[in-house]
Amino acid sequence: MKGLPVLSLLLWMCAVYFVGIYLFVGGFLLVRLEVNRTSTCGDVLQPGEEPVDFCRVQPRFRRAVLLIIDALKIDFAWFDPNNTAPRPYENKLPVLEETVSSRPSHSRLYPFRADPPTTTMQRIKGFTTGSLPTFVDVGNNFASSAILEDNLIHQFGQVGKRVVFMGDDTWENLFPKKFHRSLPFPSFNVKDLHTVDNGILQHLYTTMVGDDWDVLVAHFLGVDHCGHRFGPDHPAMADKLTQMDGVIRSVIDRLQNDTLLVVMGDHGMTDTGDHGGESQKETDAAIFLYSPSPLFPGPPSQSEPDVVPQTDLVPTLALLLGVPIPYSSVGQVLLPLFPPHGQTEGAVGRLSQLEALWINAKQVNRFLETYSGMAKDIPPESLSQLKRQFSRLSSEYLSSVREGRSPSPQLAASLQAYLTSVRDTCRATWARFNPLKMAVGLAILAFACLTCFILSELSLVLIRENAPGPKAPVVAALAAGACAAACQLLAQGYVEAAWCLAAAALSSELLFLWRAHRRGTAPADKNGAKAPKCTTWLSPCRLLIPPLLVPLLRCASLLSDSYVIAEGRAVTFLVFSLALYIPIHLNWDGLLLPPSHDPLKAAGFLPPPASSPSTVRKESSILLACLALLVGSLYLSLSFHACREEQGSCQPSPFLSPLSRLQDSQLKNLHYVLSVFSLGSWTYLLRRCLRHYGNLNSSGGTAFTAHWILPLLSVCLALHWAVSATPEDSFRNLAELISLAQLALPRAAFCLLGLGLFLIWLDPLTVFVKTRGAASARASSLPPPSYRASTGISPQAELHHLIPQIYQRMRRSMDDGELSGGGEVDSSPAVKAYGLGTIYSAPLLLFCGLLGIGLLLLHPEGMALSFLLLLLEMGALLHIHASSTNLSSLHGTYSGGFNVPWTPVVLWSLAATQFFHATGHLPTFPSIQWGAAFVGFPDGHTGTLLPASLVTLNTFASHILFAVGCPLLLFWPLVCEVRGSRGARACGEEGEDAVMEMRLRENPQQFSSALLQLSTRYLFILGAQVFASVCAAAILRRHLMVWKVFAPKLMFEASGFLVSSVSLLIGVTLVLRVDVAVGRWFKRLVPDASR
């Protein structure tokens, strides 16, 4: 088998796809331009003849305490005295309502609305810089980098205010060396509810009574982690909120008159405790403002805002504490905190509402002028309109100040309208697209899909002797990349790698397409004959077939947000429809049932049928039974779907919740029993299949893995689930043992998984050869048998010819009870060979099964049943494919060769997407199961690579399993081959049994060609889905739902393609590794003396 050309062509194809994705994403998800300028005390000038140093004016408040309760949604803060049966998260913060009611001039409680993405790092950026984050920032949530834009922490330091921080260590990463004193605690372990909060409480009160601070920031994480671990509707949430209520009371008691208290949440949470998206439950947090001195002119009035945007906190705090507003802030001061114009007499450091608005508007206008000079993305008409509006308001305000008259009452409202217009304009245009990069990325992906399709049709031509492979395209790519780099150096003095990669990818694609066009309009079949004219590569009769129409229809549907929202059920329907097409198509062609009686055949005028009617009925029954199993698996898999925020009445699957969240002990036990049963069934079915084909008789590494590592891994997983489901306060005496088990069991499972996969790779053969004792004794005195089939041929060709002969001799040795010819000694080797017929598929099947258990470890326990359904669906698809191939062969319509048709390939790829949804995943960021990062690492991580890898493996588990197992589509028809069904067998060999996968060794060129064709067809389906998502994001980039639906879908499709392509390469490489091991084994089997 020619492994190197197959692997090199696949690597080249994947690399081209990767470049196209990289370029488009680089042009579509650009971070907005940051203005690296800083406000100074001399910038913010109040109207007057002489310039005034803003920072030297005595501020209204000398100190401020910021208590940030992560994920404090507004529903947690409201208090309803009429609610006699509150849920665990309701009425647990009565201190807020009590304070607002008893001291209305000192306190307020508002909904505090965040801008998506609602992840902690972006929210901290938002309420410290006053700027709006972009979509791509969500990817940096766990790789926080220092904030370069002007921000409140920097301004506090500039004026000499001592900032003391304690809590979430994200702040330390965002503001390195900016704090007077810092007490960070690790934040990534969402299962830890108490470490951060208890660490803060050890220092909070002692710090407050001291005098070495001016601004105190405390970021609590317990509420957020409780939501991630248990959800809001859990007793643990009630305990955590009650603790926060006590904290707020204690802080209020320790406040001095010159201190401002701000209690706020950075974002909300969904009903399942997640966040990251833009639903109202995720964006609406709470903000509570309080001071022992009067803070508001009076009780709440009708003019007060219903909702406070998070960006408004920045200018408000800056003016109240006497520091300049950060340069890039687009927030608007919270007017109720400032007295109306003309009512500031006698108040120290008080700015009126109009003065605060003027300073705010002047700062925003300055930023707008600077930004528009650096970036040209704001529409010119909007920019000019905003400039005219500010010029008019500025002249009106300054003239009233110079003349000493009272400004008009509408001026404040006009300034507010101006600030709102600037923020809305920035929000609408801040996603800076790079049309050129997007267009080049689209072109590369379009050519990649075309190249991949043609590569699948030319697979046999490219694998034949002396075929050039990808050498020429790779050389062209290197030359084009070097030329692009040289041109950039000459033109602009630096090199941008993206354009070098673009030139390399496009040149290699175009060269391949040009060379493919020169080969002719139709590929040659295995005999070198040309295909009919109607079957050219891109003709309608080749593209518009039902198996290809289904993925093309799905790709077109990706332009619809309704389809993306309901994709889980839609893909399930597509799998069902295409699977049902197979028996309907067979029946239409007359292949599903035995042929009817023909008198001409009975009289001998026509050849008899290739097989008996009973064999045809048996294969049809197997096909229909597997179809029923597939339908049942599809139906049951719908019970494991999660819910999007847009699906209002949808209820997420109860199996998505970890056992630790379940409070009903009987329900918890039932879920655990189901999970263990599913895990045991997975292990049993794998071992049963391997035992059925004789693959467990050998003593190699693969058999050892199946015998010992597979069941041990299952036991570790079951014990881990039991320990994880144990409540923390159930066995206080065994707390240390339980903590040790939570650490040791999953790590032991990881070690077993790694060992098993390594052993499969090291020793993949599952063949056991046993020599008969009698035959050995009698043959010991005889010379070795002569195996030479002919003379004058190369040893390699002779070996390929000998392999089927060796197999036949082994089979005859098993069938014959004694040596043939009575006393005569037969020259064939008298041996028994177990597992030879599944020599390729057995290690691959065990590899997938072992990997599946490892991926299940990263999922909630309830997903075990879903993984069992995945295994059953994979088996059903393989047997449906094998039975349809056998039925075609039994009726004499089999085309020969080992090529896999489009239908099973499309079904395989659709099943991967279907089980992405059936394992509780969605193409949305809130649905990411972050808990996978802590399996085996309950205390968190020091870096981000390992947790990111674990979360990726969890998210794309179905993509990984189906991609690694894709070569099984090539092997399974041979495994299930019916005796006498293949027309390729030579005539006159009556009674020959099927040699199953050994047939692949008879024609290594066809084997390599079929493997390459299968892989490129699978890549084509995946690449077409990515291309469709890219087109949807590009065409609908100004659509209302682009950042909520289409951009996340693009990110998940692109990430899924990257993971799937790497997994496919792993599966193909494992097949090549097995082929090398098989070749070595046969060479050892043939005695040197016989050659």
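The values are calculated or read from the model by the stated rules, or taken from the named source; none is laboratory data. As the structure is a prediction and not an experimental result, all values here were calculated from the model. Positions of Cβ are backbone-derived with ideal geometry, glycine not excepted, and every protein chain shown enters the neighbour counts. Only protein heavy atoms, including side chains, enter the accessible area calculation; ligands, DNA and RNA are left aside. Shrake-Rupley method; radii C 1.70, N 1.55, O 1.52, S 1.80 Å.
The length gained on full extension between T942 and I545, counted as 0.36 nm times the residue separation minus their Cα-Cα distance, comes to 137.7 nm.
Using the 2.2 N^0.38 Å rule of thumb for compact globular proteins, work out how the stretch 222-277 stacks up: its C-alpha Rg over that value, please.
Working: Rg = 13.8 Å, N = 56, 2.2 N^0.38 = 10.2 Å.
The value comes to 1.36.
Neighbours of L696, meaning other residues whose beta-carbon lies under 12 angstrom from its beta-carbon, give a summed charge of +3 when Lys and Arg score +1 and Asp and Glu score -1.
Heavy-atom accessible area with a 1.4 Å probe sorts H267, H941, largest first, into H941, H267.
Residue separation times 0.36 nm, minus the C-alpha to C-alpha distance between W78 and I1035: what's the value?
Working: separation 957, 0.36 × 957 = 344.52 nm, distance 4.26 nm.
Value of the extension gain: 340.3 nm.
Residues T120, T952 ordered from highest to lowest accessible area at a 1.4 Å probe: T952, T120. Around the amide H of L183, modelled in the peptide plane, lie the amide H atoms of F165, M166, G167, all under 5 Å away and 5 or more residues distant in sequence or on another chain. The I584 and Q647 beta-carbon pair, evaluated with R₀ = 41 Å, returns a calculated FRET efficiency of approximately 0.80. Counting 0.36 nm for each residue step from R103 to E304 and taking away their Cα separation leaves a gain of 70.7 nm. Note on R464 and Y205: their simple-model spin labels are 8.7 nm apart, each label 7 Å out from Cα toward Cβ. H692 contributes about 120 Å² of solvent-accessible surface, heavy atoms of the protein only, 1.4 Å probe. Using the Karplus relation 6.51 cos²θ - 1.76 cosθ + 1.60 with θ = phi - 60°, the per-residue 3J(HN,Hα) values for the stretch 874-882 come to 4, x, 5, 5, 5, 6, 4, 4, 5 Hz, with x marking Gly and Pro. For the set T615, T451, solvent exposure ranked by accessible area (probe 1.4 Å, protein chains only) runs largest to smallest as T615, T451.
Annotation for D253 and A85: the two label points, set 7 Å from Cα along the Cα-Cβ direction, are 3.5 nm apart. Between Q410 and F758, the FRET efficiency from the beta-carbon distance, with R0 = 60 Å, is close to 0.20.
Pairs K73/K178; K281/K376; K437/K1049; K73/K668; K177/K387; K2/K1083: which exceed 27 Å Cα-Cα? From the list (K73/K178; K281/K376; K437/K1049; K73/K668; K177/K387; K2/K1083), the Cα-Cα distance tops 27 Å for K73/K178; K281/K376; K73/K668; K177/K387.
Averaging the Cα positions of each part gives two centres, and for the stretch 667-746 and the stretch 211-227 these lie 40 Å apart.
Between A146 and N669, take the C-beta separation as r, use R0 = 60 Å, and let me know the FRET efficiency to the nearest 0.05. Before the final figure, lay out each step's value.
Working: r = 49 Å, r/R0 = 0.82.
Rounded to the nearest 0.05, the efficiency is 0.75.
Taking packing as the residue-averaged number of other Cβ atoms within 10 angstrom, the listed peptides 235-248, 645-658, 392-405 run from highest to lowest as 235-248, 645-658, 392-405.
Share of carbon and sulfur in the accessible area of the stretch 85-230 stands at 52%, probe radius 1.4 Å. Solvent-accessible area assigned to carbon and sulfur over the stretch 664-734 amounts to 63 percent, based on a 1.4 Å probe. Distance between the pseudo-spin-label points of L489 and S560 (7 Å out from Cα toward the beta carbon): 5.3 nm.
Y22 exposes around 120 Å² of accessible area when a 1.4 Å probe is run over every protein chain in place.
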